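Shown next, in structure tokens, is the structure this report addresses.
The values are calculated or read from the model by the stated rules, or taken from the named source; none is laboratory data. Predicted, not measured: the structure shown is a model, and the values here were computed from it. Note that each Cβ is placed from the backbone with ideal geometry, even for glycine, and that neighbours are counted across all protein chains shown. The protein model used for the area step is the full one, side chains on, heavy atoms only, and it has no ligands, DNA or RNA in it. Shrake-Rupley method; radii C 1.70, N 1.55, O 1.52, S 1.80 Å.
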Amino acid sequence: MRPKRSALGVRRIVVKVGSAVLTQNDSVAQERMKALVEFLYELKKENEVILVSSGSVSAGYTRLNLDRNILSNKQALAAIGQPVLMHYYKNKFAKYNVIIAQVLVTAANLNRADDIQRVKNTIDTLLENGVIPIINENDATSTDELELGDNDQLSAYIAKYTDSDMLIILSDIDAYYDKDPRENADASVLKIVNDIPAGELEKIATPNNVFATGGIVTKLKAADYLLKSNKDMFLASGFDLSDVKSYMLDREHIGGTLFTCKGAE
Ligand code: GLU
């Protein structure tokens with residue numbers, strides 16, 4: 001069993017990875033998942049780590065080509081893909097002797113204080129025993145698909161309700177820019193952001209990938225929610241983990257965006 005985190009000064013960190021990172025050419029992106037698992041193992045040496053993983057629908061689609069525009073098909077794909085994802089995570093973490101656990105939650109759970117407490121108790125117990133909880137929305141049983149909206153939002157709620165210190169989002173979006181980098185070659189990375197301009201949150205979500213539900217807008221909403229709860233969020237590339245590794249393991253901020261209240265006027 002691990003000592004209590006207050007005694008060690010250990011931080012509790014939620015890492016969220018998106019579908020675009022975990023999928024490549026209609027199959028699970030094994031090399032990227034391998035790199036992610038290696039990073040999580042390194043991070044776990046000094047922190048408690050919770051993973052929020054998307055990718056169940058896209059992993060399901062690697063097994064059965066159902067029309068994913070039909071809601072019941074999408075929910076069926078999530079049910080097929082969730083164990084596929086867990087199988088790969090389990091095998092990759094086995095190399096490091098790390099046990100993983102699957103925790104599926106619904107919007108209904110996160111709207112009820114007693115459910116939130118039970119989710120937290122389960123996660124606390126897993127972390128105390130050195131296990132990495134892997135969380136996703138229970139898409140197959142959600143009455144209205146993606147009730148929570150997206151896993152950016154889900155991971156922000158999980159960070160808050162598990163009393164975590166920060167959220168890391170690993171995405172096909174490698175940072176927050178001063179203008180849309182897809183349309184402006186001169187866009188530059190905002191390395192530290194203390195508050196999100198309200199207008200940004202009103203914009204329509206524009207995911208880059210067919211399986212993704214997010215885009216920068218849902219990331220900014222997650223950041224805004226966490227800033228209001230006095231928690232940090234770091235947004236970095238999930239394709240190339242060098243920025244998140246520099247920031248989290250070497251304490252050097254080279255790329256990626258840190259959303260933080262600290263240092264704000
Ligand atoms: N829960 C969905 C999945 O596992 C992902 C939701 C999202 O993309 O944020 O496929």
**OP:** Would you mind stating whether Arg32 is in contact (Cβ under 8 Å) with a residue 12 or more places away in the chain, within 16 Å of the ligand (Cβ to nearest atom) and in a loop (DSSP other than H, G, I, E, B)?
**Re:** no
Original post:
Of Leu104, Leu51, which residue is under 18 Å from Asn151 (Cα atoms), touching a residue at least 24 places away in the same chain (Cβ under 8 Å), open to solvent by less than 30 Å² (accessible area, probe 1.4 Å) and outside any helix (DSSP H, G or I)?
Top reply: Leu51
Original post:
Could we say that Lys45 is open to solvent by 20 Å² or more (accessible area, probe 1.4 Å) and not β-branched (Val, Ile, Thr) here?
Top reply: yes
Original post:
Restricting attention to region 148-186, and to residues there that are among the β-branched types (Val, Ile, Thr) and assigned to a loop (DSSP other than H, G, I, E, B), which single residue is surrounded by the most Cβ atoms within 10 Å (Cβ to Cβ)?
Top reply: Ile173
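Listed residues Glu128, Glu183, Glu137; which is of a type outside the set (Val, Ile, Thr) and free of Cβ contacts under 8 Å to residues at least 24 places away in the same chain?
Glu183
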**OP:** Determine, yes or no, whether Val189 is under 23 Å from Ser54 (Cα atoms) and not aromatic (Phe, Trp, Tyr).
**Re:** no
Original post:
Could you list, in sequence order, the residues of region 101-140 that are touching a Lys or Arg at 6+ places or on another chain (Cβ under 8 Å) and more than 16 Å from the ligand (Cβ to nearest atom)?
Top reply: Leu127, Glu128, Asn129, Gly130, Ile132
Original post:
Among the residues of region 63-75, is there at least one that is open to solvent by less than 40 Å² (accessible area, probe 1.4 Å), farther than 19 Å from Asp172 by Cα and not in a helix (DSSP H, G or I)?
Top reply: no
